[in-house]
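Structure first, then comments.
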Amino acid sequence: MNPWTLRDLERNDIPRILEIERVSFLTPWTEEMFRTQLRFRDRAVTLVLVEDGVITGYTAAWIAADEMHLLSIAVSPAERRAGRGSALLEALLERGKARGCERTLLEVRETNEGARRLYRLHGFREIGKRRGYYADTGEDAVIMEHRRGE
């Protein structure tokens, strides 16, 4: 049994999520971006992973019709490589399935081989590129897709 639980994001979780953001990404999300996730729960899915009362990871997505778009996933550096990212991703895919999503899309930095490996492990496949997608570095994004039932 895992020592963590997964639940929906709550407003008072945002400061801790922002800490994880700042150490995980070159261009972290803002507080307002997470508040938007809360305001639009009808189309947003944001899950947190909690261990011993402390948030150690999260994932965020938007749903439009029968498609989910994975926007972000992060785990605190000290807790990485122990199944937490997989747990978050699996839970997010289950939420999408429960809400009728037939596929999930995402963009990932071309150089982020660890993330790309995680996504492939969970059935995502690379379907294209977005040239110069990341404004902070000009790096290309790899577009990945997961289809329900594959």
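Bear in mind that the values in this text are calculations on the coordinates, not laboratory data. Keep in mind it's a predicted model, so treat the numbers as computed, not measured. Glycine gets a Cβ as well: all are built from the backbone with ideal geometry, and neighbour counts include every protein chain shown.
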- Rel. contact order, % - alpha carbon contacts under 8 angstrom, at least six apart, segment 4-147: 18
- Query: What residues have an amide H closer than 5 Å to that of Ser72, excluding those fewer than 5 places away on the same chain, when H is modeled at 1.01 Å from N in the peptide plane?
  - Reply: Ala60
- Which entry in (1) 26, 20, 14; (2) 35, 15, 14; (3) 21, 18, 16 matches semi-axes √(5λ) of the Cα gyration tensor in Å derived from the coordinates of this structure? (3)
- Message: Between segment 66-129 and segment 1-57, how far is it from one alpha carbon centroid to the other, in angstrom?
- Response: 15
- Message: Sort Glu90, Glu79 by Cβ crowding within 10 Å, fewest neighbours at the top.
- Response: Glu90, Glu79
- Query: Arranged by the count of other C-beta atoms within 10 angstrom, fewest first, what order do Tyr58, Tyr133 take?
  - Reply: Tyr133, Tyr58
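Sorted by mean Cβ packing within 10 Å, highest first, what order do the peptides 81-89, 93-101 take? Don't skip to the answer; put the middle values down first.
On the way: 81-89: 17.8, 93-101: 16.2.
Packing order, densest peptide first, comes out as 81-89, 93-101.
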- Using a 10 angstrom cutoff on alpha carbons, build the Gaussian network for the chain and name the most mobile of Leu18, Leu92, Leu106. Leu18
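Full-extension gain between Thr36 and Trp62, please, as 0.36 nm times their residue separation minus the C-alpha to C-alpha distance.
Details: separation 26, 0.36 × 26 = 9.36 nm, distance 1.08 nm.
Gain on stretching Thr36 to Trp62: 8.3 nm.
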